[in-house]
1. Within the bounds of the stretch 157-175, is there any residue that is open to solvent by 10 Å² or more (accessible area, probe 1.4 Å), farther than 27 Å from residue 202 by Cβ and over 14 Å from the mean Cα position of the chain (by Cα)?
2. Tell me whether the stretch 154-171 contains one or more residues that are without any contact (Cβ under 8 Å) to a residue 12 or more places away in the chain and outside any helix (DSSP H, G or I).
3. Regarding residue 201, is this residue in contact with a Pro (Cβ under 7 Å, 6 or more places away or on another chain) and under 21 Å from residue 138 (Cα atoms)?
4. Any idea which residue in the stretch 91-130 is surrounded by the most Cβ atoms within 10 Å (Cβ to Cβ), counting only those that are among the hydroxyl-bearing types (Ser, Thr, Tyr) and farther than 23 Å from residue 76 by Cα?
5. For the stretch 1-110, which strands (runs of 3 or more DSSP E) that fit wholly inside it have 3 or more residues that are farther than 23 Å from residue 130 by Cβ, without any contact (Cβ under 8 Å) to a residue 40 or more places away in the chain and within 14 Å of the ligand (Cβ to nearest atom)?
Amino acid sequence: MSKRLDRLAELVPNCRLLADVGCDHGYVGIRCLQSGKAEQVVFIDVSEPSLRKARLNCPDELYPRASFLRQDGLGEVAADCAVIAGMGGLEIISILQRATPPKQLVLQPNRNATEVRTFLSQRYAFVYDGMLRDGKYYNMILAELCESPAELTKLQLAFGVTNLSAPNRDFRKYLAEERAKLTKILDNCDDARVRAKLALVQSAIAVVGGTI
Ligand SMILES: C[S@@+](CC[C@H](N)C(=O)[O-])C[C@H]1O[C@@H](n2cnc3c(N)ncnc32)[C@H](O)[C@@H]1O
């Protein structure tokens, strides 16, 4: 498994029923069955060829604890935890809008992480929201349903609570690369949106401190 998939499986808390939504190969759900983190896993994918991969990859001895559903999103499944990873943030939001909210969520949006955080922050508390570099940079989120979640700052919505409170090496690298990339763009053309993005990155750098 890739570092990204390893980390996703690590973030999954112990649960009775885990939904691996958009499972494709199914590696995260399979790992959670193997480790015993999940008593049962429902593998969900909107695409039959993708779901077939999960079925084929799932070892025979795990079949009694696994089920496979071809459907769009979480639907009526009452999972206590859902992992939704490797798809766009807007698709993740759409899936969650149409579902009974699971107690815990492990999310890895490929894009629009700020929108995902904004949506989540209405009902969920962020247990972990950090960055992982595995070829590319990935935002990895573990969130827990909460009655009165804390309001996030603009910087937390943009970068993630854990990244700002306990920045790891990958996040520091990400900030340095973003700063260099945005500065280079501004050297060639002045653009208000790029300037605003660079200002946000500079603010994050000021918060995390140390050598970037
Ligand atoms: C790039 S794969 C990611 C697989 C795995 N979750 C990972 O992180 O490596 C995205 C998968 O999500 C599935 N998918 C996309 N939108 C979906 C939806 N609304 N409901 C269920 N599956 C969906 C696709 O068919 C595809 O198999």
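The values are calculated or read from the model by the stated rules, or taken from the named source; none is laboratory data. All values derive from a computational prediction rather than experimental measurement. Positions of Cβ are generated from backbone atoms using ideal geometry, with glycine treated the same way; all protein chains shown enter the neighbour counts. All accessible areas refer to the heavy atoms of the entire protein, side chains included, with ligands and DNA or RNA removed. Shrake-Rupley method; radii C 1.70, N 1.55, O 1.52, S 1.80 Å.
1. The answer is no; no qualifying residue exists.
2. Checking the stretch 154-171: not a single residue is without any contact (Cβ under 8 Å) to a residue 12 or more places away in the chain and outside any helix (DSSP H, G or I).
3. no
4. Filtering first and then ranking leaves 114.
5. Working: elements: 15-21, 38-45, 66-70, 81-87, 104-109.
Per the criteria, 38-45, 66-70.
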